[in-house]
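The values are calculated or read from the model by the stated rules, or taken from the named source; none is laboratory data. Nothing here was measured: the structure is a model prediction, and the numbers come from that model. Virtual Cβ from ideal backbone geometry, glycine too; neighbours counted across all protein chains shown. SASA here: full protein model, heavy atoms, side chains in, ligands and nucleic acids out. Shrake-Rupley method; radii C 1.70, N 1.55, O 1.52, S 1.80 Å.
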Amino acid sequence: MAGFDCIRSASVVLRETNIDTDQIIPARFLSTTERKGLGQHAFNDWRWQADGTPNPGFAFNQPHNQGRGILLAGRNFGCGSSREHAPWALADLGLKAIVSSEIADIFRNNSLKNGLLPIVLDEADVQALMQRPDDELHIDIDACELRTPDGRVYPFPLDAFARTCLMQGVDEMGYLLARTPDIDTYEARHHAS
Amino acid sequence: MSSVESQPPRTLFDKLWDNHVVVPESDSAPAVLYVDLHLIHEVTSPQAFTELKARGLKPRRPDRTKATMDHSTPTLPAGADGKLAYSSAAAENQVDTLARNCAEYGIELFDMQSESRGIVHVIAPELGFTQPGMTIVCGDSHTSTHGAFGALAFGIGTSEVGHVLASQCLLQRKARTMAITVEGELAAGVGAKDVILHIIGVIGVNGGTGHVIEYRGSTIRAMDMEQRMTLCNMSIEAGARAGMVAPDEVTYQWLARAPRAPKGEAFTAARAQWAQLRSDEGARFDVEVAIDAADIRPTLTWGTHPGTAIAVDAPIPAANDAAAQKGLEYMQFKSGHALEGTPVDVVFVGSCTNGRLSDMREVAQVLDQRRVHPRVRMLVVPGSEQVKRQAEAEGIDAIIRAAGAEWREPGCSMCIAMNGDLVAPGQLAVSTSNRNFEGRQGPGSRTLLASPLSAAWAAVNGRVSDPRRIPMQTQEVA
Ligand code: SF4
């Protein structure tokens with residue numbers, strides 16, 4: 001995964017709270033052995049009508065929202081299952097960042113591993129951003145700041161390691177494997193019988 | 001071992017964490033945490049193996065990895081041709097892919113022919129792979145179940161499944177701690193499922209986010225292992241990273257019978273270690289919650305997340321925000337009405353929450369000499385081959401069939417509706433599983449989460465019913 005240090009985009013708004021991973025990608029689309037191609041099923045049951053045509057009222061189907069890379073979502077986004085298919089589907093849909101006042105633990109973890117930045121702001125700030133979804137937001141990963149065109153600056157918390165990984169495209173598996181001597185020592189110490 | 005003189009009191013979670021740190025965490029990097037037991041299943045592992053292969057790696061400790069197939073597997077027996085009816089070619093391919101990966105790397109697999117196969121969170125405790133003091137992970141959020149044994153057990157994503165395969169380790173930031181203390185005796189007709197639904201109703205569907213919960217108090221101590229598993233299983237539904245109960249005599253007795261737990265002297269030695277696994281007197285938790293068992297009534301959910309839990313005879317609350325309104329509309333319910341009396345189309349008993357032997361027994365007790373209401377389709381799905389065998393040895397399958405319910409082969413089934421076992425659009429299901437999200441049990445399905453007693457009693461009456469009103473039957477001698 002290549003690193004990146006900034007995101008510039010207008011936003012798509014989903015006001016619903018507690019959007020769970022079964023809404024993000026329903027279980028019937030998990031029978032795949034691939035990571036790719038899940039974007040077409042992202043928010044499947046909200047996005048497509050029973051006859052397979054797009055639901056015109058759903059945010060991601062609206063023409064002005066096409067190509068937008070930031071999702072502003074209601075509180076407790078991504079709760080539910082540990083399926084990494086959820087961030088795979090959202091990244092495949094073209095999203096680069098999710099902004100909410102609370103983002104579920106496992107989903108947040110999974111997102112960071114797939115170049116999808118979870119940003120937690122105060123509820124009032126998320127609400128304020130939702131008022132102006134057409135503004136091009138500027139997310140500066142190095143500074144951990146989200147900036148609006150009218151000059152407001154929202155700092156957000158981001159683990160230092162996660163920040164480095166995103167910016168430099170650090171590969172976590174490689175990082176762990178580089179700790180092999182420590183792992184060997186641990187096993188020798190704890191599993192000697 | 002090092003001396004522990006001036007060490008401050010530690011929680012059970014602190015002890016488990018300390019014991020598994022390979023490289024401590026710092027400001028710039030998370031800890032490297034060792035994983036004792038890695039469980040895998042067909043849905044969340046294939047992409048991890050692909051990644052491993054692409055890098056020319058092999059699993060570091062295939063001996064610490066155990067595999068089963070449960071999510072995509074059919075719950076109807078094989079046809080006359082010996083073939084299983086998979087819901088799709090993709091589902092069958094997933095199962096085959098797991099078998100190939102396990103064969104290639106020497107990972108023990110409980111496959112469709114195995115007498116020990118079943119839902120991952122049912123079989124690992126049953127076989128005794130799950131032990132106190134361990135770190136246990138699986139690409140599955142209900143891994144929290146194993147915390148019932150005093151293990152640190154949590155769900156991970158598929159990238160992390162790859163990390164554990166490659167290194168037997170994970171990158172982790174230490175979670176915060178939450179103590180939930182439940183004191184007192186539970187009323188008749190109220191069980192572990194009602195306790196955990198009540199707790200989630202109290203702390204909220206995100207009340208545990210960032211925390212590891214330790215369940216404590218006399219009510220928890222009085223629970224058997226299966227009840228403690230039901231409790232810990234749903235910790236994730238409150239957003240918690242994990243849930244745990246300190247091991248005690250009840251835990252040791254379970255493990256003494258489990259085939260793959262330590263035996264003989266090894267068991268005695270392990271037991272002495274396990275006895276250290278409790279929060280020290282005076283240990284500090286970041287959050288403490290007290291629950292009075294007397295406040296817990298049979299509890300179900302009315303909405304589209306597990307935090308919408310209310311007592312069976314309580315009114316559905318007023319919708320005070322857009323989300324609650326949307327939940328009410330989806331469920332076709334009205335504020336102010338009680339759930340009790342609501343007509344039911346489907347009853348599902350099973351899943352890693354309530355698919356164990358004690359759950360099957362409770363259901364059989366209710367269905368014995370009774371009939372499932374003609375309006376209701378009822379599916380009873382044992383959590384494992386062992387649960388199925390034991391239940392059948394006790395005649396439970398006969399009671400369930402005689403009542404007009406379906407007795408199926410083990411698997412996740414209607415809990416996640418990946419294998420073709422579905423609730424039809426618009427139908428209302430009372431389910432002993434753990435998630436009532438929109439469409440969880442099939443597109444358009446509406447789900448009320450409930451205990452096995454509530455589910456079985458609803459099946460008999462064709463309506464949501466209060467299990468405290470189940471007439472007591474005198475024990476019959478077979
Ligand atoms: S029974 Fe349901 S919750 Fe449990 S592992 Fe299977 S799908 Fe997941």
Only one of (1) open to solvent by less than 10 Å² (accessible area, probe 1.4 Å); (2) more than 26 Å from B:Cys415 (Cβ to Cβ) does not apply to A:Arg68, and that is (1)
Qualifying residue in the range A:8-20 (condition: part of a loop (DSSP other than H, G, I, E, B), touching a Leu at 6+ places or on another chain (Cβ under 9 Å) and open to solvent by 20 Å² or more (accessible area, probe 1.4 Å)): yes
Is the range B:4-26 home to any residue that is of a type in the set (Gly, Ala, Ser) and at pLDDT below 95? yes
How many residues, within the range A:57-87, are part of a helix (DSSP H, G or I) and within 16 Å of the ligand (Cβ to nearest atom)? 2
Quick check on this structure: which one of B:Ala455, B:Ala459, B:Ala429 is surrounded by 24 or more Cβ atoms within 10 Å (Cβ to Cβ), more than 12 Å from chain A (Cβ to nearest Cβ) and more than 21 Å from the chain's Cα centre (by Cα)? B:Ala459
Mind checking whether some residue in the range B:56-63 is within 11 Å of chain A (Cβ to nearest Cβ), more than 17 Å from B:Asp36 (Cα to Cα), more than 16 Å from the ligand (Cβ to nearest atom) and free of Cβ contacts under 8 Å to residues at least 60 places away in the same chain? no
Tell me, which helices (runs of 4 or more DSSP H) lie completely within the range B:321-425 with 1 or more residues that are farther than 30 Å from B:Leu84 by Cα? B:322-331, B:357-367
Return the residues of the range B:323-337 that are open to solvent by 40 Å² or more (accessible area, probe 1.4 Å) and either modelled with pLDDT under 95 or of a type outside the set (S, T, N, Q) (or both); say none if nothing qualifies. B:Gln325, B:Lys326, B:Glu329, B:Tyr330, B:Lys334, B:Gly336, B:His337
For the range A:132-186, give me each residue that is open to solvent by 40 Å² or more (accessible area, probe 1.4 Å), within 14 Å of another protein chain (Cβ to nearest Cβ) and under 20 Å from A:Asn109 (Cα atoms). A:Pro157, A:Asp159, A:Arg163, A:Thr164, A:Met167, A:Gln168, A:Val170, A:Asp171, A:Tyr175, A:Leu177
Is the range B:452-460 home to any residue that is hydroxyl-bearing (Ser, Thr, Tyr) and touching a residue at least 24 places away in the same chain (Cβ under 8 Å)? yes
Would a scan of the range B:286-294 turn up a residue that is under 30 Å from B:Gly341 (Cβ atoms) and open to solvent by less than 20 Å² (accessible area, probe 1.4 Å)? yes
Among the residues of the range A:1-35, which ones are within 10 Å of chain B (Cβ to nearest Cβ) and charged (D, E, K, R)? A:Arg15, A:Glu16, A:Asp20, A:Asp22, A:Arg28, A:Glu34, A:Arg35
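Looking at B:Gly420, B:Gly439, B:Gly341, B:Gly411 in this structure, which one is within 11 Å of the ligand (Cβ to nearest atom) and either under 23 Å from the mean Cα position of the chain (by Cα) or in contact (Cβ under 8 Å) with a residue 40 or more places away in the chain (or both)?
B:Gly411
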How about the range B:258-270: which of its residues are in a helix (DSSP H, G or I) and either open to solvent by less than 80 Å² (accessible area, probe 1.4 Å) or touching a residue at least 24 places away in the same chain (Cβ under 8 Å) (or both)? B:Gly264, B:Ala266, B:Phe267, B:Ala269, B:Ala270
